[in-house]
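**Q** Please find one structure pasted underneath; my questions will follow.
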């Protein structure tokens, strides 16, 4: 990068696919749902869904796969399959807890802004004792307009007490990246297997993972997790 980096005063995380491998779990659960209908999950269907709120996501899924079922019914069935699979397959993304430790070492406020519902977020966080580490939590119920609308990240900056330009947002999808960019946040995209082909042209940087030196240097200039 050639532009001057901002002073990062807060960090905001997306949840699914960024903090945890839930996108992979969902892909497998959606594939099982489709197998019941004689079909298989595709990358295109996944791309259509990523970053949206649940009902919007299943509507996009229904339309892409040309299913003749109500999105709400598909959502209910997919949730049952998904939560059964979470027990065995849920994992934090590499580098998550090291990055959280570094952010807390620096004393930076942090939050999570997800398109998922609050009860889902609480379920995931409770499994890893993350509830007390994130006083600021915005979910699908927190906003009128879901991503890619900037509302959720504008609210996150307000609650974290910083200007959006001084808030580092970490996102894994094109939809979330667009939302953060529209809010004026400093957006770093962290793609995974299911989003590697997304358009991240609005991102300030595309990271290799949560432990990418660029991210570590943003939250703690001149200090890496290994050198504290």
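FYI, it's all coordinate maths here, none of it is from the lab. These numbers were taken from a predicted model, which means no experiment stands behind them. Neighbour counts run over all protein chains shown; Cβ positions are idealised from the backbone, glycine included.
**Q** Write down, largest first, the equivalent ellipsoid semi-axes of region 92-176 in whole Å, where each equals the square root of 5 times an eigenvalue of the alpha-carbon gyration tensor.
**A** So the three semi-axes of region 92-176 are 20, 17, 12 Å.
**Q** For a test of the definition: using alpha carbon positions, the gyration tensor, and the 1.5 limit on a/c, classify region 1-122 as rounded, prolate or oblate.
**A** Since a/c reaches 1.5 and a/b is larger than b/c, the shape of region 1-122 is classed as prolate.
**Q** Let me ask another. I need the Kirkwood Rh of region 22-89: take the reciprocal of the average 1/r across all distinct C-alpha pairs and report it in angstrom.
**A** 11.8
**Q** Quick one: order 79, 36 by neighbouring beta-carbon count within 10 Å, fewest to most.
**A** Going from least to most buried by this count: 36, 79.
**Q** List 93, 85 from most exposed to least, where exposure is judged by having the fewest other Cβ atoms within 10 Å.
**A** 85, 93
**Q** Using the alpha-carbon atoms, what tilt in degrees (0 to 90, nearest 10) does helix 151-160 show relative to the longest principal axis of the chain?
**A** Relative to the chain, helix 151-160 is tipped by roughly 40 degrees.
**Q** Can you pull the one-decimal nm distance between simple spin-label points at residue 87 and residue 28, each 7 Å off the Cα toward Cβ?
**A** So the label points at residue 87 and residue 28 sit 1.4 nm apart.
**Q** Another one. Looking at the chain only, what percent of DSSP beta bridges run antiparallel? Nearest 5 please.
**A** 5
**Q** Still on this structure: In whole angstrom, note down how far apart the Cα centers of region 174-196 and region 85-133 are.
**A** About 18 Å separates the Cα centre of region 174-196 from the one of region 85-133.
**Q** Taking Rh as the Kirkwood radius computed over C-alpha pairs, what is the Stokes-Einstein D of region 57-117 at 10 °C in a medium of viscosity 1.306 mPa s, expressed in µm² per second?
**A** Estimated via Stokes-Einstein, D reaches 107 µm²/s.
**Q** Now a separate question. Could you give me the radius of gyration and the Dmax of the chain, taking only the C-alpha atoms into account and expressing both in angstrom?
**A** When restricted to the Cα atoms of the chain, Rg and Dmax are 17.3, 56 Å.
**Q** Modelled label-to-label distance, residue 75 and residue 63, 7 Å Cα→beta-carbon offset: nm?
**A** For residue 75 paired with residue 63, the spin-label model returns 1.5 nm.
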